[in-house]
């Protein structure tokens, strides 16, 4: 059903509030979720139904444990990762604007941070080149193996431009874990090159894939290597668990850093060259059946802009009904 | 033929010297080439035969044009990229050791810098997390297109460990341009998913692939997105040409940066956790036909170590004869 974005925002805020968050926290979490929802990213308001996102009763004050003018190590104290990584972005933004570079690592959270591109794009909106890495419980095999040892380890890199920033937001896995669960629920099979069963056979059965391991996005050693790098950068580098070692379920990690292009060039020069690149790349000759060459994040930011302009967004009926129930409107 | 590494080093230095470099420059270039040669990386001493690496008569003093305590923009002044990127590594190393982070961009070079993993691993050897990006003339199509617009854009990330560092050294292309030229020379065909001809058809003919475009390493949008990011980071960010815009052949770029893990954790803690990761990953269950799970760079650094220990290295007879000729021993 099509509803107004205003109504969706209102419902989202109310639902988050029901899970026990303060008004300030509600604002941060709703912002991350609506970024995803407006982009048809599956990290949106669906997170608010079923088990939802009840505030962890153990959650304490977020603590900066180690700090320099260009860095912060942030103990998330079991707060929702969207709050903790959101704090990391604020800190990185402020420090990078002063020093040209900043980095923050977060640990001791136990939820997904949502769409990782959100955090990188927030930095790009400030004229910085933003990097974000996340690590989650092990679901993905290293190249040559069929035993899960890495998370689906998403990464995002965002580059400022004079339009929406370029936002590469990608998981290093062939599919998300959520994608397997969805296929299982819907009784659908999955492509045979997405995952192995727990005996090392390629499988089209999502249930067997869940018991086995997902492959890396390129089904080869480069993607597997990038998954490993993510595992280290958002694992031991930031004080989080890794590869099933440590408190895998209770101690997820994230790494955020930003580079000010002014260190090496002028911001306006970079932005104008990035526009030239966008124009050039989009004008290259298209393969048969291809209507448009898309920049990373372009389709999603266009969709979000169109929805903002129309003020309306389509939400699947069941999801909307459940969201209303959670928000206390049913 | 097997020769002593000592002899290969001597031959390499003498050959480089013949191309017009100073003794100090010879040392730097030979070091990069021998790193590759000891690892069976195709960026080794083969560069010294045929056209070789004559010093550019236009080459002037390398100039730092913009500098902060954490950054340097380096005008390579047409010096060989191995010298210029080598200088960038020295600067990054020194600044990162003081400040916890440093970044250097190089432009105005017109040669390959050789094995990009060399530069990242030099930083890891100092206990830093090293990143290196390179950009070269356009050979690779964006996802959805068959027109070359990106370079084969290699990237390297190196992580310190208590053994050899983990070194992910990868091109973002399905094959190197050199790989196409080799296949053409040998009259071999190439796999049908490596490249398109200049009309957008998949081709197994290396000559048609050279006239067409190479695909990204995953044949999809994520790899294409990473190639684009490399194009920007080692292109306009550092003052180099990009996407065929600007002096593509005369102005290649590189970006080097390093993060000191001490910003977020203790170096020893990171190193010991990386060792745990190596042990854990290598112990995962292997797919049929797989003898060993390899970490990025492991096979290559083991080969180099074994060769150093034996003091001997196998060099293909024709290559050795030509190298001797260049070195003035023929």
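The residues in segment A:287-306 that are buried (at least 17 other Cβ atoms within 10 Å of the Cβ) and either within 16 Å of residue A:36 (Cβ to Cβ) or touching a residue at least 60 places away in the same chain (Cβ under 8 Å) (or both) can be counted, and the count is 7.
Might you let me know whether segment B:123-137 holds any residue that is modelled with pLDDT under 95 and either more than 27 Å from residue B:38 (Cβ to Cβ) or surrounded by fewer than 23 Cβ atoms within 10 Å (Cβ to Cβ) (or both)?
Of all residues in segment B:123-137, those modelled with pLDDT under 95 come to B:135-137.
Next cut, either more than 27 Å from residue B:38 (Cβ to Cβ) or surrounded by fewer than 23 Cβ atoms within 10 Å (Cβ to Cβ) (or both) only: B:137.
Checking segment B:123-137: at least one residue is modelled with pLDDT under 95 and either more than 27 Å from residue B:38 (Cβ to Cβ) or surrounded by fewer than 23 Cβ atoms within 10 Å (Cβ to Cβ) (or both).
Of all the numbered requirements in (1) without any contact (Cβ under 8 Å) to a residue 40 or more places away in the chain; (2) within 20 Å of residue A:222 (Cα to Cα); (3) in contact with a helix residue (DSSP H, G or I) (Cβ under 6 Å, 6 or more places away or on another chain), residue B:218 misses one, and that requirement is (3). The condition (being in contact with a helix residue (DSSP H, G or I) (Cβ under 8 Å, 6 or more places away or on another chain), within 14 Å of chain B (Cβ to nearest Cβ) and within 27 Å of residue B:68 (Cα to Cα)) is satisfied by just one residue among A:124, A:120, A:132: A:132. Name the single residue that is nearest to the other protein chains (Cβ to nearest Cβ) among those in segment A:307-330 being crowded, with 17+ Cβ neighbours inside 10 Å and touching a strand residue (DSSP E or B) at 6+ places or on another chain (Cβ under 8 Å). The selected residue is A:307.
Within this structure, residue A:28 fails the test of being modelled with pLDDT of 95 or more and either within 14 Å of chain B (Cβ to nearest Cβ) or surrounded by 24 or more Cβ atoms within 10 Å (Cβ to Cβ) (or both). Please go through segment B:174-193 and give me each residue that is modelled with pLDDT of 95 or more, touching a strand residue (DSSP E or B) at 6+ places or on another chain (Cβ under 9 Å) and surrounded by fewer than 21 Cβ atoms within 10 Å (Cβ to Cβ), ordered by number. Answer for segment B:174-193, where residues must be modelled with pLDDT of 95 or more, touching a strand residue (DSSP E or B) at 6+ places or on another chain (Cβ under 9 Å) and surrounded by fewer than 21 Cβ atoms within 10 Å (Cβ to Cβ): B:192, B:193.
If I filter segment B:87-107 for residues that are within 14 Å of chain A (Cβ to nearest Cβ), over 30 Å from residue A:73 (Cα atoms) and touching a helix residue (DSSP H, G or I) at 6+ places or on another chain (Cβ under 8 Å), do I get at least one hit? Yes. Does residue B:171 count as more than 16 Å from residue A:282 (Cα to Cα), facing chain A (nearest Cβ under 10 Å), surrounded by 24 or more Cβ atoms within 10 Å (Cβ to Cβ) and free of Cβ contacts under 8 Å to residues at least 60 places away in the same chain? Yes.
Determine if segment A:140-147 includes at least one residue that is part of a helix (DSSP H, G or I) and farther than 30 Å from residue A:258 by Cβ. Checked against the condition, which is being part of a helix (DSSP H, G or I) and farther than 30 Å from residue A:258 by Cβ, segment A:140-147 yields no hits at all.
For segment A:267-286, the set of residues classified as surrounded by 16 or more Cβ atoms within 10 Å (Cβ to Cβ) and within 7 Å of chain B (Cβ to nearest Cβ) consists of A:270, A:273, A:274, A:277, A:280, A:281, A:284, A:285, A:286, listed by residue number.
Okay, residues lined up against (1) part of a helix (DSSP H, G or I); (2) more than 22 Å from residue A:151 (Cα to Cα); (3) under 25 Å from the mean Cα position of the chain (by Cα):
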position: B:269; (1), (2), (3): yes, no, no
position: B:273; (1), (2), (3): yes, no, no
position: B:278; (1), (2), (3): yes, no, yes
position: B:284; (1), (2), (3): no, no, no
position: B:288; (1), (2), (3): no, yes, no
position: B:299; (1), (2), (3): yes, yes, yes
position: B:303; (1), (2), (3): yes, yes, yes
position: B:319; (1), (2), (3): yes, yes, yes
position: B:326; (1), (2), (3): yes, yes, yes
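Select from segment A:135-156 the residues that are away from chain B (no Cβ under 13 Å) and closer than 21 Å to residue A:28 by Cβ and list them in ascending order. Of everything in segment A:135-156, just one residue is away from chain B (no Cβ under 13 Å) and closer than 21 Å to residue A:28 by Cβ, namely A:136. Tell me which residues, restricted to segment B:242-260, are assigned to a loop (DSSP other than H, G, I, E, B), over 22 Å from residue B:196 (Cα atoms) and touching a residue at least 24 places away in the same chain (Cβ under 8 Å). If the condition is that a residue be assigned to a loop (DSSP other than H, G, I, E, B), over 22 Å from residue B:196 (Cα atoms) and touching a residue at least 24 places away in the same chain (Cβ under 8 Å), then B:249, B:250, B:251, B:260 are the ones that fit. Scanning segment A:185-215 for residues being under 23 Å from the mean Cα position of the chain (by Cα) and in contact (Cβ under 8 Å) with a residue 60 or more places away in the chain gives a total of 3.
If you go through segment A:57-75 and keep only what is surrounded by 16 or more Cβ atoms within 10 Å (Cβ to Cβ), within 14 Å of chain B (Cβ to nearest Cβ) and touching a strand residue (DSSP E or B) at 6+ places or on another chain (Cβ under 7 Å), you end up with A:66, A:70, A:71, A:72, A:73, A:74, A:75.
Looking at this structure, is residue B:84 buried (at least 24 other Cβ atoms within 10 Å of the Cβ), within 14 Å of chain A (Cβ to nearest Cβ), over 25 Å from residue B:217 (Cα atoms) and in contact (Cβ under 8 Å) with a residue 24 or more places away in the chain? If you could, list the steps in order and put the result at the bottom.
Numbers: buried (at least 24 other Cβ atoms within 10 Å of the Cβ): yes; within 14 Å of chain A (Cβ to nearest Cβ): no; over 25 Å from residue B:217 (Cα atoms): yes; in contact (Cβ under 8 Å) with a residue 24 or more places away in the chain: yes.
No, not satisfied.
Determine whether residue A:54 is surrounded by fewer than 14 Cβ atoms within 10 Å (Cβ to Cβ) and in contact with a helix residue (DSSP H, G or I) (Cβ under 7 Å, 6 or more places away or on another chain). No, not satisfied. Set side by side, the residues B:264, B:228 differ, and just one is in contact with a strand residue (DSSP E or B) (Cβ under 6 Å, 6 or more places away or on another chain) and buried (at least 24 other Cβ atoms within 10 Å of the Cβ), which is B:264. Are any residues in segment A:290-306 touching a strand residue (DSSP E or B) at 6+ places or on another chain (Cβ under 7 Å) and farther than 17 Å from residue A:158 by Cα, and if so, which ones? Across segment A:290-306, the qualifying residue is only A:293. The single condition from (1) touching a helix residue (DSSP H, G or I) at 6+ places or on another chain (Cβ under 6 Å); (2) more than 7 Å from chain B (Cβ to nearest Cβ) that residue A:251 fails is (1).
Which residue is nearest to residue B:137 (Cα to Cα), if the candidates are limited to segment B:212-239 and must be in a loop (DSSP other than H, G, I, E, B) and more than 10 Å from chain A (Cβ to nearest Cβ)? Checking each candidate, the answer is B:234.
The values are calculated or read from the model by the stated rules, or taken from the named source; none is laboratory data. If you're wondering where the values come from, they're calculated on a predicted model, not measured in any experiment. Using ideal geometry, Cβ is built from the backbone for each residue, glycine included, and neighbour counts are taken over all protein chains shown.
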